[in-house]
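Structure first, commentary second.
Since every read-out is calculated from the coordinates, none of them should be taken as a lab result. Quick caveat, the model's predicted, so the values are computed rather than measured. Reconstructed Cβ throughout: ideal geometry from the backbone, glycine too, with neighbour counts over all protein chains shown.
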Amino acid sequence: MKKRLIFSLLTAAGMVLAAPVSAERYVIDTQNAHAFVQFKIAHLGYSWVLGRFNQFEGSFDYDENNPSASTVSVTVNPASVDSNHAERDKHLRSQDFLKVDEFAQATFTSTSYAVTGDNTGLLKGDLTLRGVTRPISIDVTQIGAGKDPWGGFRRGFEGTTRLALADFGIPMDLGPAAREVELFLTVEGIRQ
Amino acid sequence: MRLGNTRQTYGAISIALHWLVALLVLGLFPLGLYMTSLDYYHPWYQAAPHLHRGLGITLLLLLSLRLCWRFISPPPRPLDGGSRLLRRLAGLVHGGLYLLLLAIAVSGYLISTADGRGIEVFGWFTVPALLPAFKDMEDAAGDVHFVLAVSLIGLVALHALAALKHHFIDRDPTLMRMLGKPRRVTGRATGAITESETFFTKETS
């Protein structure tokens, strides 16, 4: 009887331990391009130049019951910069900007996520760009989540942040109106 | 001066094409270095690349004309004198100059047309992007363009030094005939000079 009790307790404990952690892993859907890393920077202060990074990958962990435990990590290939102008892209890849020969990877790893509203939060993390690692904050909004028509489950976010070019050692001076670049990020994660 | 080349002399067309190409090469190389070094707010930031592209296409056109003209009116034979090896070397350098010029012009064209945009030549006409681009073509073409341009300047220096050697050391009319001048009469009594003297008399009489 006593043995049986111990066995049951152990089994129960085992079940609890073996239960899946409630945070779920999502892989960002870059395969079918339901994710974008875009930038926007002033041209002379009179208009905008838009561009994006075409190659990146990443994943995030999200727990609906405990969103503040969420984590994100993304790796971007800076050489995939695309501003719809070959000569400019060549310049952006050069040492004046991203120096992609030497710094072939940009990474973002989150350090904390604070819920600020029903679907909003502030994601903090370390961005490594052009060999410089600095903490940044991204304003995040959850766009939606649910089953997709093909048997999977997806969850999507968008986020914005601003970076000063000089903070990451980008030497090119584009003028007083263009010291900072805005990033717009949108990711759709497929639950694993 | 006649337009076409003879067995001994360059005609006006070959001479003009040669010096126009030389001028463009000597202008385009420093212009290329200059334009890539400019600050974003420099007044020439837009104009210098525009000029470089336009002059580059002009160079490509002149080069095509030159190559065609070589077949229509072949250049004069190299002058006697100098070893076979030297004459061979000179031929190789001339061929190399043509090849490099062509490759540099084409690689420059490929940088600017890598996104399907054409190249505007001084607002006169636009050369369309004709070749399908491959990934990061502007970078590959840019590297090629730079390395070949530096090589070309090296070869041009060799070419110019050789011309000066002909003029000052060999004292033959190689350089003068590319300047369209009747052959210089020098102190050396050789068959070539006698020939040049008769040529000179013919021209002035």
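Tell me, what is the FRET efficiency for residue A:105 and residue B:65 to the nearest 0.05, using R0 = 41 angstrom and their Cβ-Cβ distance as r?
0.25
If I model a spin label as a point 7 Å beyond the Cα along the Cα-Cβ vector, how far apart are those points for residue A:43 and residue A:57 in nm?
3.4
Helix A:2-18: angle to the longest alpha-carbon principal axis of chain A, degrees 0 to 90, nearest 10?
Roughly 10 degrees, rounded to the nearest 10.
In debye to the nearest 20, how big a dipole does segment B:65-188 give about its Cα centre with +1 on each Lys and Arg Cβ and -1 on each Asp and Glu Cβ?
That gives a dipole near 1160 debye.
Work out how much length residue B:18 to residue B:33 would gain on full extension: take 0.36 nm times their residue separation and subtract the Cα-Cα distance, in nm to one decimal.
Extra length available between residue B:18 and residue B:33 comes to 3.1 nm.
Rounded to a whole number, what is D in µm²/s for segment B:8-83 from Stokes-Einstein with the Kirkwood radius over alpha-carbon pairs (25 °C, 0.890 mPa s)?
Stokes-Einstein gives a translational diffusion coefficient of 168 µm²/s.
Note down the magnitude of the dipole of segment A:22-191 about its Cα centre, charges +1 on Lys and Arg C-beta and -1 on Asp and Glu C-beta and zero elsewhere, to the nearest 20 debye.
The calculated dipole for segment A:22-191 is roughly 140 debye.
If I take R0 = 51 Å and measure r between the Cβ atoms of residue B:153 and residue A:166 in this structure, what FRET efficiency does the formula 1/(1 + (r/R0)^6) give, to the nearest 0.05?
It comes out at approximately 0.90.
Suppose R0 equals 41 Å. What FRET efficiency, 1/(1 + (r/R0)^6) with r the Cβ-Cβ distance, do residue B:6 and residue B:135 give to the nearest 0.05?
0.20
Describe numerically, in nm with one decimal, the distance between label points set 7 Å from Cα along Cα→Cβ at residue B:51 and at residue A:77.
Spacing of the two 7 Å Cα→Cβ label points: 3.8 nm.
If you wrap segment A:22-191's Cα atoms in a convex hull and average its projection over all directions, what's the area in nm²?
10.3
Could you please state, rounded to a whole Å, how far the C-alpha centre of segment A:141-192 is from the C-alpha centre of segment B:52-103?
Cα centres, segment A:141-192 to segment B:52-103: 54 Å.
For the residue pair residue A:31 and residue A:150, what label-to-label distance in nm results when each label sits 7 Å from Cα along the Cα-to-beta-carbon direction?
Reported label-point gap for residue A:31 and residue A:150 is 0.8 nm.
About its Cα centre, what dipole magnitude does segment B:16-89 give when the only charges are +1 on Lys and Arg Cβ and -1 on Asp and Glu Cβ, stated in debye to the nearest 20?
Charge dipole, segment B:16-89, about its Cα centre: 500 debye, nearest 20.
Work out the P(r) tail for chain B: percent of alpha carbon pairs separated by more than 30 Å, whole number.
That fraction is 33 percent.
Please report, to two decimal places, log10 I(q)/I(0) for the protein assembly as shown at q = 0.07, 0.10, 0.12 Å⁻¹ as given by the Debye formula with identical point scatterers on the Cα atoms and no solvent.
So the normalised log intensities are -0.55, -0.82, -1.00.
Towards the positive end of the charge dipole of the protein assembly as shown, with charges on Cβ (+1 Lys, Arg; -1 Asp, Glu), say which of A:109, A:163, B:19 has the farthest Cα.
Towards the positive end, the residue furthest out is B:19.
State which helices in chain B qualify, where a helix is a whole DSSP H run, it must extend 27 Å or more along its own axis by its Cα atoms, and its mean Kyte-Doolittle hydropathy must be at least 1.0.
Helices passing the filter in chain B: B:12-35, B:47-72, B:84-112, B:137-164.
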